[in-house]
Amino acid sequence: MTLLAESMPWLQSAAFAVVIPAGVHREEESNRGVANLLCDWVQRGCGDYDSRQFVEALDNLGVARGGGVSASHITFSGALLAEHLGSTLGIYADLVQRPHFLTDEFEDAKQVCFQELRALEDDLHQQAMITLRRQIYPDPWGWHPTGTPATVEALTPEVAQQFYDNWMRPDETIISVAGNFDWDQLRDHVAALFGDWKAKPGQKSYLGSKLPEYVHIPFDSSQTHVALGFDSVPVSDPDFYQARAAIGIMSDGMSSRLFSEVREKRGLCYTVYASCHSLKEQGSVLAYAGTSTERAQETLDVMLQQFNELPQGVQQDELTRLKARFKSGIVMQQESSSSRASSMAGDWYHLGRIRTMDELAKTVDEITVDTINAYLQKSPPSHYRVTTIGAKKLEVPSGISSSDA
């Protein structure tokens, strides 16, 4: 287990993240959704607290908290007054090491998972992006944390506890803290709370298949959801910020190319965006547009045109606007203990080190039109994957294999 901490003595608050390598990529086809269920179940009683007492204890400490599952991790996080940091970490030490695992609470957690699945049924935007990730990343890295109705229905307390035994472990776990604290006290307190947490052997994850390059999901609607993606570099790659800047010029703000060309000039869609996404060893660009059935083909065509034209070069005025947005983000991170705790954990996972605010600012300063254009010449957008949800299947570039879902 690794403890990361950065003092922000000008604040009266502190924030933490407990990041455990028990994410979706540890699942198998037979237990999809188990990490998501486990994330809820362990919060329903642990240590000396039953489910209600757990909630009341954190509420009494004023902890703004959250828990979630990604491809790589289960994460529990919180922000609070600095004076309550020690007590709060004590509760989370119980959560990860001494959950009650009561059967009746398991059924309640399972019902929450079903509610999340039902919510996804009505969110066609998210369905399109979920499918797109499965086209780019191999199973289980591309799976969504919610699993499927069939796999969640099949989950049992024994299956969830086995997943906990295999993967909820100190090996590769990160505890990240930022805010107003004393380092010596924090280090000693965390050692006392987590020092007896036993390492476990775990198991080897597997790599499965991907979905075809074009997937159309028929849906009787006047709207069509278009998701477009392609391979890119992960955060750990030296070129990541060149790629991030290129996609920022495409999508960050109302002056970006996608917003201007697809929405403002042509009025093709009600929303359009693109973003960089990164696993530890693989990255991608994920883009989306929501449009009408009649304009869906033109929307896809213009999105592809904009990405294909990107290697022709970016302009200085575009980069100037983007850098202003980047630097605003860095400044805001300096003022937020929650943002800093999260970014430190991400740095450690992806890079094995923590970047300072000064280093991030220097990285942004060193991005130029020439460095972005050189990257785009070397790594132009290509090998597109497309998902559409709507009444009509669209025409996609030649060479893209397709299927109907």
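Each listed q (0.12, 0.19 Å⁻¹) maps to a log10 I(q)/I(0) for segment 2-194 from the Debye sum over equal C-alpha point scatterers, namely -0.62, -1.29.
Only the Cβ atoms of Lys and Arg (+1) and of Asp and Glu (-1) were treated as charged; on that basis the dipole of segment 205-303 about its Cα centre amounts to roughly 160 debye. 3J(HN,Hα) along segment 301-317: 4, 6, 4, 4, 4, 5, 5, 5, 7, 4, x, 5, x, 9, 10, 4, 5 Hz, from the Karplus curve 6.51 cos²θ - 1.76 cosθ + 1.60 with θ = phi - 60°, whole Hz, x for Gly and Pro. Computed from point charges on the beta carbon alone (+1 for Lys and Arg, -1 for Asp and Glu), the dipole magnitude for the chain about its Cα centre is near 800 Debye. The shape of segment 220-300 comes out oblate: with a ≥ b ≥ c from the C-alpha gyration tensor, a/c is at least 1.5 while a/b does not beat b/c.
Taking N as the residue count of segment 214-404, its C-alpha radius of gyration divided by 2.2 N^0.38 Å amounts to 1.09. Rank S379, A324, P234 by how far each Cα sits towards the positive end of the charge dipole of segment 214-404 (+1 on Lys, Arg Cβ; -1 on Asp, Glu Cβ) and give me just the farthest. Positive-most Cα among the choices belongs to A324.
Whole-percent P(r), segment 1-53, all Cα pairs, 5 Å bins from 0: 4, 13, 16, 14, 18, 16, 12, 4, 2, 1. Amide hydrogen proximity for I74: with H placed 1.01 Å from N in the peptide plane, the residues at 5 or more positions away or on another chain lying under 5 Å are I20, A22, G23. In this structure, S87 and R355 have a Cβ-Cβ separation that, at R0 = 35 Å, corresponds to a calculated FRET efficiency of about 0.70. Along segment 121-126 the Karplus relation, 6.51 cos²θ - 1.76 cosθ + 1.60 evaluated at θ = phi - 60°, assigns HN-Hα couplings of 4, 8, 10, 5, 4, 5 Hz to successive residues, with x for each Gly and Pro. For segment 288-297, 3J(HN,Hα) computed residue by residue from phi via the Karplus equation (6.51, -1.76, 1.60; θ = phi - 60°) reads 8, 9, x, 8, 8, 4, 5, 10, 5, 5 Hz, glycine and proline entered as x. Quick one: grab the alpha carbon gyration tensor of the chain, order the square roots of its eigenvalues as a ≥ b ≥ c, and give me rounded if a/c is under 1.5, else prolate or oblate depending on whether a/b is larger than b/c. The shape class here is oblate. Database remark: amide H of M8 closer than 5 angstrom to the amide H of G179, N180, F181 (H placed geometrically; neighbours at sequence offset of 5 or more, or on other chains; Pro and chain starts carry no H).
Values in this text are rule-based calculations from the coordinates and carry no lab data. What you are looking at is a predicted structure, and each value in this text was computed from that prediction instead of being measured. Every residue, glycine among them, receives a Cβ derived from its backbone with ideal geometry; neighbour counts consider all protein chains shown.
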